[in-house]
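The values are calculated or read from the model by the stated rules, or taken from the named source; none is laboratory data. Keep in mind it's a predicted model, so treat the numbers as computed, not measured. A quick note on method: Cβ atoms are made from the backbone with ideal geometry, for glycine too, and the neighbour counts reach across all protein chains shown.
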Amino acid sequence: MRNLLKTIFLFSILFAIQCKKENDPIFSITEEQVGKLKKESLIRDLELIYSEDSIVTDTVRGNFGRGASKIKIFEKGGKHLLTLTPNTDSIATIENVQIKDPRYTTSNGIGISSTFKDIKEKYTIRKVITSLNNVLILIKDSDVYFTIDKKELPENVRYNNTNIEAVQIPDLAKIKYMMIGWDL
């Protein structure tokens, strides 16, 4: 009996180790979807998609017929989930999605709480673009891109206007913005 209990206990531990925590589909980022939002979702359908959440738009622009410049999605209770930028087509869809909630992660487990090291380990970096205050990290074969504040960089490259290479970005550099560009 004792051996049977030991065997069951060992199998239970092995099973627990083998089980991998799956991403919650509500907060999963794929090439075609960010949580409930699909790549082909229309702006006019956002009220249906986020019927259990709150949507905040720029009403001043909306009243002049040009549509909202930014659409913010909040979870009931006030937590900011996403900021959406619509395109200007006659049938508007989503151009950019800015991730605001750390529960949103890619299939590789990368989210806004990740570091540059996490990005390097899980993705192939296609290009690093240097701007005045930030560094933009483009990922190969993906619509996801990341912004890192230059304040996260060593001083010897932080204030230069030269192009920054991926090797110059510290592993512990935090992500400032995580974006998905569907209509670029």
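Before moving on, here are some points about what is shown:
- Residues that are at pLDDT below 90, over 19 Å from the mean Cα position of the chain (by Cα) and over 23 Å from residue 110 (Cβ atoms) do not occur anywhere in the stretch 30-47.
- Of the numbered criteria (1) within 26 Å of residue 27 (Cα to Cα); (2) basic (Lys, Arg); (3) out of contact with any Leu (no Cβ under 6 Å at 6 or more places or on another chain), the one residue 126 fails is (3).
- Total residues in the stretch 30-50 satisfying the condition of being in a loop (DSSP other than H, G, I, E, B) and either in contact with a Phe, Trp or Tyr (Cβ under 9 Å, 6 or more places away or on another chain) or of a type outside the set (Gly, Ala, Ser) (or both): the figure is 8.
- Qualifying position, being over 25 Å from residue 41 (Cβ atoms), without any contact (Cβ under 8 Å) to a residue 40 or more places away in the chain and either in contact with a Phe, Trp or Tyr (Cβ under 6 Å, 6 or more places away or on another chain) or surrounded by 16 or more Cβ atoms within 10 Å (Cβ to Cβ) (or both), among 164, 129, 139, 169: 164
- Restricting the stretch 123-172 to residues that are of a type in the set (Phe, Trp, Tyr) and under 19 Å from residue 110 (Cβ atoms), the residue that is farthest from the chain's Cα centre (by Cα): 123
- Scanning the stretch 51-91 for residues that are more than 23 Å from residue 147 (Cα to Cα), in a strand (DSSP E or B) and modelled with pLDDT of 90 or more returns 54, 55, 56.
- Taken residue by residue, the stretch 142-157 has no member that is part of a loop (DSSP other than H, G, I, E, B), modelled with pLDDT under 90 and not charged (D, E, K, R).
- Whichever residue in the stretch 106-126 is outside any helix (DSSP H, G or I), of a type outside the set (S, T, N, Q) and touching a strand residue (DSSP E or B) at 6+ places or on another chain (Cβ under 9 Å) and, among such residues, is surrounded by the most Cβ atoms within 10 Å (Cβ to Cβ): 110
- Residues of the stretch 92-105 satisfying the condition of being crowded, with 22+ Cβ neighbours inside 10 Å and not in a loop (DSSP other than H, G, I, E, B): 94, 97, 99
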